[in-house]
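All remarks here apply to the structure that follows.
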Amino acid sequence: MTNLEKYNRAFIETFEISEDKLNGLKYQEITAWDSVGHMSLISALEEAFDIMMDTDDIIELSSYEKGKEILAKEEYEVEF
């Protein structure tokens, strides 16, 4: 499974949405992505990529695209 597939799966399974809804998806844009859903997503991403995200990155992860940008940072080294 590619990193993009792992990333997408975390969103799809956490928020119970289809893949076609991912592009442009933003925090609190859907009911499932509330504060509890956000922490569930973080947990799913940390497990999928075997990382521990820092607090600033958790707060900054405000959209599907921003999450990819954060995970591509040097400290996580996730390539998409």
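Among the residues making up the range 6-39, those that are part of a helix (DSSP H, G or I) and surrounded by fewer than 11 Cβ atoms within 10 Å (Cβ to Cβ) are Asp20, Ser35, Val36.
Residues in the range 40-52 that are outside any helix (DSSP H, G or I) and not charged (D, E, K, R): Ile51, Met52.
For the range 15-32, state whether one or more residues are hydroxyl-bearing (Ser, Thr, Tyr), more than 12 Å from the chain's Cα centre (by Cα) and at negative phi. Scanning the range 15-32 turns up at least one residue that is hydroxyl-bearing (Ser, Thr, Tyr), more than 12 Å from the chain's Cα centre (by Cα) and at negative phi. Do we have Tyr76 as hydroxyl-bearing (Ser, Thr, Tyr) and in contact (Cβ under 8 Å) with a residue 40 or more places away in the chain here? So Tyr76 fails the test.
Across the range 58-80, the number of residues qualifying as of a type outside the set (Ser, Thr, Tyr), in a helix (DSSP H, G or I) and buried (at least 18 other Cβ atoms within 10 Å of the Cβ) comes to 3.
Readers should treat all values here as calculations from the given coordinates under stated rules, not as data from a laboratory. Since we're looking at a predicted model, the values are computed, not measured. Here Cβ is always computed from backbone atoms with ideal geometry, including for glycine, and neighbour counts include all displayed protein chains.
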